[in-house]
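So the structure is just underneath, and the comments pick up after that.
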Amino acid sequence: MKHLATPGILLLSLMLVCCGARTDVPPQADPDRRLLLIGIDGAGWDAMIPLLRRGELPHLEALVRSGYAARLTTMAPALSPVVWTTIATGKRPAQHGIRGFLGRDPDTGEGVPVTSNMRRVSALWNILSVAGVPVSVVGWWVTWPAEEVNGTMVSPYAAPGQTTWKGSVYLDGRSDQTWPGDLLARIGPTIEQGVGKAKDSFREIFPALENTATPDYLKAFLKDMLWVHVSDTIFRDIGAKLLEEDKPRFAAVYLGGVDVTGHRFWRFAHPRPDEWPLTGTQREAYGDSLNRYYRWTDDAIGRLVAAAPPGTTVMVVSDHGMELAHQRDRPPTDWNQYPHEISGGHTRGPDGILLFSGPGAARNFDPGWWDNGAALPRLGEAGHPGVLDVTPSLLHFFALPVADDMTGKIRMPMFSNEIAARSPARIETWEQPGGRPDPTPMSSPRMDEVKERLRGLGYID
């Protein structure tokens, strides 16, 4: 395995084809545009809409009412590192190179967790950096080791796994967790305080951990779930800190707890006794766990939005929704034992969510839909954007050209008339010959732990 330095983002020459003209100068983004992109792993309309209608997700409701709401179609199987990389690049897995949770070490033939250098193409934050946009990226999948950007990056340290608890950031002296490397010292107090905050709020979300009647297998999961919540709390607070102090024009923050909670608690929140037997006591004890985590996440969204500079447009996306994991779809096992108690699934690619609100966003809120009990926004299939469309659409938002080698498209219905009327600029590619690091998988001191957690979720054999 190798560990090579990431090349600089400021290139001596960037030959682009833009609007038919060839230029040595990178296109410059619209200086009036700011965007906060929040990624909520596993969030789906089916779980959210009842909570929205009861007023339990006020910050998400505000975005729905004031902006554009849609299903976000995904891919199947909906594997988190693959989909989040697709969202960030506008390219299919065959192009960006992230095809699953593991890559292959050419020296040993062993499967190893994917790392940022294995991505073969530029991500949105790389493109915006070249275009002069200050960025901040916190917790996004497959960003360890942290990349050199025009701003800051806090990666989910790959050593702990980006799996059951999605990875976190640690005060262990590893400078490759952040860009720049000395950012780790700056956010150190936020990390330390976040651990204490998370332990307090975790007891409110999952009181079953302290219930003596809770079975051991579920207690074991809840202890793992604590570290998911620690990571979410740390990423929330780091994201808010960097928004307030650095005022980046583009910020991306990832939160993963909704997905992990859904995997384990879907059968309690959405009972199907014909497939997952459930007692009344179990429903009472655990039935609100997933909803409580949605409520916590809504509060986190509110904090991030409040921390953003005035005039910031907000986009919330998920990589997929969640649905019942039918027992017949899974190999025979003891369904009452951890770690096989996975009642929520997404391998078949249930739709995720997209919310877009603020300057430059269209408004498609339909009071009739809100009041009539419909399950999903009525946009028509042609109006549904997909995970491939996020990066091209955001490039158009920033008045930057979309590359011909991007599979995704600009979704004009999400934009206000001013932006929708703008002629899309085109470019042959944003890629540079030799512009990406050596893709050889990198070693991680806890690689075996990472793989074991992936097995626990059923993602690898």
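The set of residues in the range 310-344 being modelled with pLDDT of 95 or more and in contact with a strand residue (DSSP E or B) (Cβ under 9 Å, 6 or more places away or on another chain) consists of Thr312, Thr313, Val314, Met315, Val316, Val317, Ser318, Asp319.
Yes/no per residue for (1) in contact with a Cys (Cβ under 9 Å, 6 or more places away or on another chain); (2) closer than 30 Å to Thr313 by Cα; (3) modelled with pLDDT under 95; (4) not in a loop (DSSP other than H, G, I, E, B):
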position: Pro359; (1), (2), (3), (4): no, yes, no, no
position: Trp370; (1), (2), (3), (4): no, yes, yes, yes
position: Leu376; (1), (2), (3), (4): no, yes, yes, no
position: Met406; (1), (2), (3), (4): no, yes, no, no
position: Pro413; (1), (2), (3), (4): no, yes, yes, yes
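A search for C-beta distances below 6 Å between a residue of the range 114-141 that is at positive phi and any residue that is in a loop (DSSP other than H, G, I, E, B), counting only pairs 6+ apart in sequence or on different chains, returns Gly132/Gln28; Gly139/Pro156. Evaluation of Gly55 against the conditions (1) surrounded by fewer than 24 Cβ atoms within 10 Å (Cβ to Cβ); (2) under 20 Å from the mean Cα position of the chain (by Cα); (3) not polar (S, T, N, Q) shows that the sole unmet condition is (2). Scanning the range 136-158 for residues that are acidic (Asp, Glu) and farther than 13 Å from Met118 by Cβ yields one hit, Glu148. Looking at (1) in a loop (DSSP other than H, G, I, E, B); (2) touching a residue at least 24 places away in the same chain (Cβ under 8 Å), find the lone condition where Pro277 falls short. It is condition (2) that Pro277 fails.
Just one of the listed residues (Lys241, Lys197, Lys166, Lys219) is at pLDDT below 90 and either assigned to a helix (DSSP H, G or I) or among the aromatic types (Phe, Trp, Tyr) (or both), namely Lys219. Restricting the range 49-88 to residues that are in contact with a Ser or Thr (Cβ under 6 Å, 6 or more places away or on another chain) and not in a helix (DSSP H, G or I), the residue that is nearest to Arg120 (Cα to Cα) is Pro77. Residue-level analysis places Pro437 outside the set of residues that are surrounded by fewer than 16 Cβ atoms within 10 Å (Cβ to Cβ), farther than 30 Å from Arg71 by Cα and at pLDDT below 80. With respect to the conditions (1) touching a helix residue (DSSP H, G or I) at 6+ places or on another chain (Cβ under 8 Å); (2) over 21 Å from Val83 (Cβ atoms), Trp266 falls short on a single one, namely (2).
The values are calculated or read from the model by the stated rules, or taken from the named source; none is laboratory data. Quick caveat: nothing in here was measured; it's all calculated off a predicted structure. All Cβ positions, even for glycine, are placed from backbone atoms using ideal geometry, and neighbour counts span all protein chains on display.
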